Amino acid sequence: MHNLFRKIPAVDRLLADPGIKQAAAGLSRLEVTAVIRQELEKIRREIAHNEENLAEEAITARVTQELRHCKLRRFQPVINATGVLIHTNVGRAPLPRCALERLQALGEGYFNLELDLASGERGSRYAGVAGLFNLLLGDEAGTLDTVVVNNNAGAVLLVLKALTAGGEVIVSRGQLVEIGGGFRVPDVMAASGCRLKEVGTTNRTRLSDYAQAITPETKAILLVHPSNYTILGFTETVPREELAQLAQEHGLYLIEDLGSGAFAPFPEPLVTTALRHSHVVTYSGDKLLGGPQAGIINGRRELLAVIKKDPLLRALRIDKLSLLALEAVLELYLNKEYKQLPLWSLASLPPEAVKERAEAWLHDLGPGLQGEVIPCASTMGGGSLPGETIPSWSLALSSPVLSSQELLAVLRRNQPPVLARIAQDRVLLDPRTVLPSQDAAVAEFLRKGVKACS
C-alpha cells in the first residue's frame, strides 16, 4: 500500500501538466491548487480503503474533469431556449440595456445613494424610486408610498412583522402556497410573529369563512396570488372588493402578495388594480416588472411610515446596484418605452417572427442532427401568469447517434451553454426566449453538429 501512495504525483507536478493547465484556464492558481489537493486527498482515501492502483494518467484525467466542473460552477452567460421567459434558474428577467448603462455609469464610483444634494443632509435611498412609483401608480393625491427590499418574501415578512406581529392574520387554505426553494407562506408568516388563521378549503373559500374567523385578535386579511399553480373545476374565491369591504367594517388591514405584480402593457395581476382596495401590496421586481431582484412594497403612506420604522427593514433593504437598475426600469415604463424591456420584447414577439428564426436554425443543421419546426407554447414562468401560455414555434431536434437526454447534455456543455427542453423524446429549442443577439451562437452550435458519445 505504501508503494501506491508513493505513486501519487506531487501537486507541483500536476500544476505543470499541459492538460491541467489548459483545463484551468481562467481559474486562479489558488483555486487550481485547492482542486488538485482535494482530488488527491480523495485518491488517498480510496487507496486506504480499496488499495486501488491508479495510473498517473487516470489521476490527471480526474483533476482535469474536476477543474472543468469548477469552471461550470462559475456564473457565465447561457442561452435560454427553454421557452420559459422568467426562468428562475437562469436569473429571471434579463435587464434592459439602459439599466446596465446606469450600473456602469454610477456603480464604478460614488453617487448620492443616501445624500440629499439640496440640503447636504442624509437622505433616503427609497425617495427616488418612491417618486417614480407614485407617478406610475397615478397617485396624484400623494396618498401612497413605496419601500423596496431584497425580494418579495422579504417584503411579505417585513409588512406582516411591522403591521401584524402578535395578532392573527386570516388566509384562505387555497392560498397557502410554496414557492421555489421550499419557502412556504405559513413559514414566512410564522417568522413575522403573526399567527396564521386558515379559512375555507383548498378549492372553495367564501366571504362567510373570512367573516366567521374574525376575532378581537385579528389584525389583517392576507391575499396571496397563487402564482405557481391553478385550481380548476369546482372552485370559489372571494373578490378583492368584498374582502376590502369586510376589512373596513372590522378595522383590519387587507394585505396582498401579488407575487408577480405587473404594470401595463402586461396583463393582470396589475398593481394599480390591487391598490384600489388593498392597503399594502407586495411583488417581485424581477418577474413581470422586468427589473432586478427586489421586493416592492406599495401602499398607504401612513402604513409605509410604520414599516419604515421597523428594525427588520435595515436587514432586508435593497442594495445600491439593484436600486440603480430598478430606477432605470421605472423610467422606461414612465416613458412607455416597453420595447426596451427584454421581457416585454420577447413576450410580445409575433409567432410568425419566432417561426422564421426557428426555420433559419433548421437550415444550419450539421452532421448527427435532424430537425423539424413545430408549433409549441412558451410560458411566462417564474410563478407568473400560471396556466397561461404564449403561442410559439420550436426547432425539434433529434439525433441518430445521441438520445434526447444526451443531446440536451451536449447543448449544456456548449460555450455558451444552450438550455432547452424535451418533449416527446425530442429536444425543443424555442427562439422566443433566445435574445436576438444570441441567434448566431445557436446557429454555430447547430452547424458543428454532434457525434456519438464515447
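The values are calculated or read from the model by the stated rules, or taken from the named source; none is laboratory data. What you see is a predicted model, and the numbers here were worked out from it, not measured in a lab. Because the Cβ atoms are built from the backbone with ideal geometry, glycine has one as well, and the counts that use them run over all protein chains shown.
If you go through segment 406-423 and keep only what is closer than 19 Å to Ala452 by Cβ, touching a residue at least 24 places away in the same chain (Cβ under 8 Å) and out of contact with any helix residue (DSSP H, G or I) (no Cβ under 6 Å at 6 or more places or on another chain), you end up with Glu406, Leu407, Val410, Leu411.
Does segment 411-418 contain at least one residue that is closer than 18 Å to Leu446 by Cβ and either part of a strand (DSSP E or B) or touching an Asp or Glu at 6+ places or on another chain (Cβ under 7 Å) (or both)? Yes, some residue in segment 411-418 is closer than 18 Å to Leu446 by Cβ and either part of a strand (DSSP E or B) or touching an Asp or Glu at 6+ places or on another chain (Cβ under 7 Å) (or both). Only one of the listed residues (Leu254, Leu258) is of a type in the set (A, V, I, L, M), at pLDDT below 95 and in a strand (DSSP E or B). That residue is Leu258.
Among the residues here, Glu327 does not qualify as touching a Cys at 6+ places or on another chain (Cβ under 9 Å) and farther than 22 Å from Val156 by Cβ.
Restricting the search to helices (runs of 4 or more DSSP H) fully inside segment 262-365 and requiring at least 2 residues that are more than 24 Å from Pro239 (Cα to Cα), among the basic types (Lys, Arg) and in contact (Cβ under 8 Å) with a residue 12 or more places away in the chain gives 301-309, 351-362.
Here Ile374 passes the criteria (1) within 30 Å of Gly295 (Cβ to Cβ); (2) among the aliphatic types (A, V, I, L, M); (3) outside any loop (DSSP other than H, G, I, E, B) except the one numbered (1). The set of residues from segment 309-322 being surrounded by fewer than 20 Cβ atoms within 10 Å (Cβ to Cβ), closer than 20 Å to Ala105 by Cβ and in contact with a helix residue (DSSP H, G or I) (Cβ under 9 Å, 6 or more places away or on another chain) comprises Lys320, Leu321. Filtering segment 190-212 to residues that are small (Gly, Ala, Ser), farther than 16 Å from Thr164 by Cα and not in a loop (DSSP other than H, G, I, E, B) leaves Ser208, Ala211.
Looking across segment 86-124, the residues that are of a type in the set (D, E, K, R) and under 21 Å from Tyr333 (Cβ atoms) come down to Arg92, Arg97, Glu101, Arg102. Residues that are part of a helix (DSSP H, G or I) and over 12 Å from Ile59 (Cα atoms) within segment 20-34 comprise Lys21, Gln22, Ala23, Arg29, Leu30, Glu31, Val32, Thr33, Ala34, listed in sequence order. Considering only residues that are in contact (Cβ under 8 Å) with a residue 60 or more places away in the chain, in a loop (DSSP other than H, G, I, E, B) and not aliphatic (A, V, I, L, M), look in segment 64-90 and name the one that is farthest from Pro18 (Cα to Cα). Applying the filter and picking the extreme gives Gly83. Among the listed residues Glu46, Glu41, Glu56, which satisfies the condition of being of a type outside the set (Phe, Trp, Tyr), under 16 Å from Ile8 (Cα atoms) and exposed (fewer than 12 other Cβ atoms within 10 Å of the Cβ)? The conditions single out Glu41.
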